[in-house]
Amino acid sequence: MNGTAEIAAPVPAVEKESAHEGLLAWVSTVDHKRIGILYLLAAAFFFALGGGEAMLMRLQLSWPNLHVLAPDTYNQLFTMHGTTMIFLVAMPVIFGFANYLVPLMIGARDVAFPRLNAMSFWLLLFGGLLLYFSFAAGGAPDAGWFSYAPLSEQPYSSSNGTDYYVLGLLVTGIGSVAGSINLLVTILKFRAPGLTMRRVPLFVWMVFNTAVLVILAIPVLNAAIVMLLIDRKFSSGFFQPGQGGSPLIWQHFFWTFGHPEVYILALPAFGMISEVIPVFSRKPIFGYEFVAASTVAITVLSFGVWAHHMFAVGLGVLANSFFAGTSLLIAVPTGVKIWNWIATMWQGHLKLTTAMLFAMAFLVEFTIGGLSGVTFAAVPMDWQLTDTYYLVAHLHYVLFGGTIFGIFAALYYWFPKMSGRMLDEHLGRLHFWLTVVGFNLTFLFHHALGIMGMPRRVYTYPDLPGWGILNLVSTIGASIMGVSVLVLARNLLHSLRHGKIAGDNPWEAWTLEWATTSPPPAHNFNKVPPVNGRRPLWDLHHPGRTDEELQKQEGGARDP
Amino acid sequence: MLYTSKAGAVGDSQRAANREDVVVCPGLPAAGVHAMSNADLHITSPPWFPVFHPGSPDAWAIQSLSGFVFAVCAVILAIVTGLVVFCLWRFRRPEKREEPPQRFGNVKLEIVWITIPLLLVAVIGIATVFTMKSMAAPASRPPDLIVRGHQWWWEVEYPQPGIVTANEIHLPAGRKWLVELEAADVIHDFWVPELARKMDMIPGLKRRMWLEADQPGVYQGQCAEFCGAQHAWMRFQVVAQSPADFSAWQAGQLQPAAIPSRAEAREGQQLFQQMTCVTCHAIDQSPGALRTAPNLAQLASRYQIAGGALANTPKQLFQWLMDPQKYKPGCKMPDLKLTDAQAHALVAYLEGTP
């Protein structure tokens, strides 16, 4: 066990190296830790907006034929909810954690290009604000987060909303690509001596793959939305059938970006889970090589599955069969991770912290989302279930049950490192149970609603059998989720000032970020411990039982 | 020259047909009766789970595949959940300070949990391809029916014998019909969960699929691709009839319209001509009739108006004419600022109320 962790008071927030103080220090910062926190704060701000939009939608849908919202308003809200949650919440949270943690995990002083890093963040923030400015400029975008042409073209979408959608996503997208290049170079070039790519924490592996996905996928989106803008402003007709364009080309472009995007949002959560589960099982990750390699497999395959979003388009049996095959195949490397996480817990000594509870709930919720994904790969099932509430259930089990549960686990796990103080575990457990109950009440019955024939993206619906009551249950679930977020906010605000002092390594974890103070000094490490394996801090505290020696005893596994 | 229709007579006989002759499919209590006795026709009682209530060979095929895939998924979910709960119960050691045995992996286990899922998805993939192939629609022969999606209504065309109607598809039960799908403006999606797959309707392209109902009955359909402000009220019905009833329906649709007998209906006919109605709506089957808005010929025979937002009763048609934007905000039907008397006259004309 780690007996040497000292309990030290948090280091003052303002770094000594900085020329500025207070707010200006944050605005002018190029420190990866502060930029990481700025990303998280921006995500929290947009999460409040996107969550509020969801609550309004659930209110309108709580019973058949309600008139809480006008159809136009509803359509703007669901478009903004999806766009916000994907581009302004999930991606920034992921960039926030990656920014904060990757340099610490690899024993680096900062990212490779600190000023580019700051630029990436400010592009994200102002891109998001530009998108939201549309509300004041005549109406938010209202063609859905994937803005299918020709509905998103000038003749059918005459407000400026879609233009703001294009500009907002373009600006944040450039930031994301720059941020990913930064992370990629950092991981490749700034690892501590001894920390080979076969030894880096799995979170770093996942961020590495995510960065590759962002660099390859986002430019496709950026090219497509610029074409859409040219269509809208200069009548170029790329996606307008009347002018020789093709609405289907838009769909191909969008999902060539859009499906890798799903893994951009999922892989970092896999990484978070891969750090949390071992520490609270008191065991190393099971099958490190397989978790890492299956991620590479996902990264490659994710560029060959896009048309499974288009099975209802009528591409023909041959094309559909190909994309059904790749989509079924990608379930296998995803499943490999689930089995390895369970094997990591097997015969461990489980410590049920809030972080661990969220990680374990992730395993079940994400499996539900993954399996409903498999049902969509069986093409004729997709022909019945796509564009219904079953799909709404599927995507929320992947993005909330997966990504957000992973992020909550990460928040409870790394908050002490970032703030120097522990989050309150009692409030944490309350937050956890409210989230689990609220989330499943909200979305579980959406599966049934889809099978009942309820299409997605309707502002109201007829009183068909069962539709009213299941929608009411969903709205009640959403209210519980709303309360859960307030509990989390209370916990964060309270613990920031009054939480228990964390010390360097409150969880007795083994990766390098726990080898420095909480929060770390501006330069991160006074001295990076020697790295001879995947768990440097384990090796440090278990001389004679280092990973290397343990693995030699185990025999079967290879030396990392 | 517009003809006054015998809409009333045909409509009534059609309703009578629905009331007496149509054997509604199981779980769908006499839709016609319910519809016409209840102002809110769209609140008939279709099955709870239309996707799992197949009414055609294709829908059965999809359900069989679904049953298999859901079963596989349920087993996997049960295993994962079971293992997580077991770990929670068996390996919880809140106070234990010593570390458990450190295990790093097991290649044999990895091979097992890669191979078994691979085999499972291979089986699902093969079943998928065969099910898909069984439903592929031919491109060679002319379609029996052309359905064209508009913001936010359905244009329904029978090339033989040349009928255009809207928001309601009549077909003979037990016959496999080839349907061609098109779109007039944006992308829509044609979906009747009890009868067939869904298929996108894409402007500039023609798509084909099979549509068939084993039993006579009324089946709910709707647009499944978001298509703008009133996507929610882009619903329709498929009315499967016995071949005799279907022929009667077709004959009724082709009936030349007659001069309305009642003064109020004649006034309605005049208003229909004088107000802006005729700039968008056709009301007969003459070749080249307008297709910019629903064809209103034999309107009285239909179940719903406004894409399902209202039932087709004189009362609701009156409400609709008085303020369409109230019931379907954003739709293309303008508020015509009718007086009560004018609206009543139009209702009398369109519904052919005696």
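On a straight-distance basis, which lysines could pair with B:K315 in a cross-link, Cα separation under 18 angstrom, same-chain partners fewer than 8 positions away excluded?
Answer for B:K315, where 18 Å is the Cα cut-off: B:K326, B:K328, B:K337, listed by chain and number.
Compute the FRET efficiency between B:A136 and B:S286 as 1/(1 + (r/R0)^6), taking r as their Cβ-Cβ distance and R0 = 30 Å, and round to the nearest 0.05. Show your work: numbers first, answer last.
On the way: r = 37 Å, r/R0 = 1.22.
Given R0 = 30 Å and the Cβ-Cβ separation, E is 0.25.
For the protein assembly as shown, give the share of DSSP beta bridges that are antiparallel, in percent and rounded to the nearest 5; count only bridges with both residues there. Don't skip to the end; give the middle numbers.
Details: 29 of 40 bridges.
The antiparallel proportion sits near 70 percent.
So which aspartates and glutamates pass the test for A:K527, namely a Cα distance under 13 Å, with those fewer than 8 places away in the same chain ruled out?
A:E513
Set the Förster distance to 35 Å, then compute FRET efficiency between A:H498 and A:V185 from the Cβ-Cβ distance, nearest 0.05.
On the way: r = 40 Å, r/R0 = 1.13.
In this case the efficiency is close to 0.35.
Name the trypsin sites (Lys or Arg not before Pro) in region B:158-202 that are in a loop by DSSP and that have at most 16 other C-beta atoms within 10 Å, would you?
Details: sites: B:R175, B:K176, B:R197, B:K198; in loops: B:R175, B:K176, B:R197, B:K198.
Here the sparse-neighbourhood loop sites are B:R175, B:K176.
Find the eigenvalues of the gyration tensor of the Cα atoms of chain B, then list the square roots of 5 times those eigenvalues as equivalent ellipsoid semi-axes, largest first, in whole angstrom.
51, 23, 19
Say the cut-off is 18 Å between C-alpha atoms; which of A:K33/A:K417; A:K233/B:K332; A:K283/A:K337; A:K33/A:K337; A:K189/A:K337; A:K33/A:K351 go over it?
Numbers: A:K33/A:K417 11 Å; A:K233/B:K332 25 Å; A:K283/A:K337 16 Å; A:K33/A:K337 29 Å; A:K189/A:K337 27 Å; A:K33/A:K351 28 Å.
Exceeds cut-off: A:K233/B:K332; A:K33/A:K337; A:K189/A:K337; A:K33/A:K351.
Please list, or write none, the lysines whose alpha carbon is within less than 28 Å of the alpha carbon of B:K176, excluding same-chain residues fewer than 8 places away.
Result set, ordered by chain and number: B:K133, B:K198, B:K206.
Each label point is 7 Å from the Cα along the Cα-to-Cβ direction; what then is the distance between the points at A:V30 and A:R198, in nm?
3.7
Can you pull the one-decimal nm distance between simple spin-label points at A:S235 and B:L77, each 7 Å off the Cα toward Cβ?
About 5.2 nm, to one decimal.
In degrees, nearest 10, range 0 to 90: what is the angle between the Cα axis of helix A:389-398 and the longest Cα principal axis of chain A?
20
Can you compute the equivalent ellipsoid semi-axes for region A:31-528, i.e. the square root of 5 times each eigenvalue of the Cα gyration tensor, sorted largest first and rounded to whole Å? The partial results should precede the final answer.
Values: eigenvalues 248, 129, 107 Å².
Result for region A:31-528: semi-axes of 35, 25, 23 Å.
Which of the three applies to the protein assembly as shown, rounded, prolate or oblate, going by the alpha-carbon gyration tensor with a ≥ b ≥ c and a/c under 1.5 meaning rounded?
Details: a/c = 2.48, a/b = 2.01, b/c = 1.23.
Note, shape of the protein assembly as shown comes out prolate.
With the crude spin-label approximation of a point 7 Å out along Cα→Cβ, what separation in nm comes out for A:E554 versus B:R175?
6.9
Excluding A:H494 itself, calculate the net charge of residues whose Cβ lies under 14 Å from the Cβ of A:H494, where each Lys or Arg counts +1 and each Asp or Glu counts -1. All intermediate terms of the calculation are to be shown ahead of the outcome.
Numbers: positive: A:R421, A:R490, A:R497, A:K500; negative: A:D424, A:E425.
Net local charge, A:H494 excluded: +2.
Between A:N532 and A:W122, what length in nm is gained on full extension when 0.36 nm per residue of separation is reduced by their alpha carbon distance?
The A:N532-A:W122 span can extend by a further 143.8 nm.
Over the whole of A:330-340, what's the average partner chain Cβ count within 10 Å per residue? Rounded to a whole number, please.
Values: counts 1, 6, 8, 2, 1, 9, 4, 0, 6, 9, 5.
Other-chain Cβ atoms within 10 Å of each residue's Cβ, averaged: 5.
Taking Cα atoms, how many degrees apart are the long axis of helix B:57-90 and the longest axis of chain B, rounded to 10 and kept between 0 and 90?
Orientation of helix B:57-90: about 40 degrees from the principal axis.
How many angstrom separate the Cα center of region B:85-137 from the Cα center of region A:340-381?
With region B:85-137 and region A:340-381 each reduced to a Cα centre, they are spaced 10 Å.
Within chain A, what's the longest stretch lacking GluC sites (Glu not before Pro) that sit in DSSP loops with no more than 11 other Cβ atoms inside 10 Å?
Values: sites that count: A:E6, A:E17, A:E21.
Result, exposed sites excluded: A:22-560.
Does region B:96-227 come out rounded, prolate or oblate by the C-alpha gyration tensor, with a ≥ b ≥ c the root eigenvalues, rounded set by a/c under 1.5 and, if not, prolate when a/b is larger than b/c and oblate if not?
Working: a/c = 3.29, a/b = 2.57, b/c = 1.28.
Because a/c hits 1.5 or more and a/b exceeds b/c, region B:96-227 counts as prolate.
Hey, with R₀ at 41 Å, roughly what FRET efficiency would A:L66 and B:Q160 work out to, going by the Cβ-Cβ distance, to 0.05? Let's see the in-between values first.
Numbers: r = 44 Å, r/R0 = 1.06.
Once rounded, the FRET efficiency stands at 0.40.
Determine the shielding of peptide A:363-370 by partner chains: average, over its residues, the number of Cβ atoms on other chains within 10 angstrom of each Cβ.
3
Determine the shape class of region B:57-135: with a ≥ b ≥ c the square roots of the Cα gyration tensor eigenvalues, call it rounded for a/c under 1.5, and otherwise prolate if a/b is greater than b/c, oblate otherwise.
Working: a/c = 7.55, a/b = 2.38, b/c = 3.18.
Oblate, because a/c is 1.5 or more while a/b does not exceed b/c.
If you take every residue apart from B:N167 with its C-beta less than 11 Å away from the C-beta of B:N167, what net charge results, scoring Lys and Arg +1 and Asp and Glu -1?
Values: positive: B:R235, B:R302; negative: B:E155, B:E168.
Charge balance in the 11 Å sphere: 0.
Summarise the partner chain shielding of B:77-88 as one whole number: the mean count of Cβ atoms from other chains within 10 Å of each residue's Cβ.
On the way: counts 6, 0, 4, 12, 4, 0, 9, 10, 2, 3, 13, 6.
If you average over the peptide's residues, the count of other-chain Cβ atoms is 6.
Enter the angle in degrees (range 0 to 90, nearest 10) between the Cα long axis of helix B:7-20 and the first principal axis of the Cα atoms of chain B, meaning the one along which they spread out most.
40
Rule-based calculations on the coordinates, nothing more; no lab input. Just so we're clear, the structure is a prediction, and the values are computed from it rather than from any experiment. Reconstructed Cβ throughout: ideal geometry from the backbone, glycine too, with neighbour counts over all protein chains shown.
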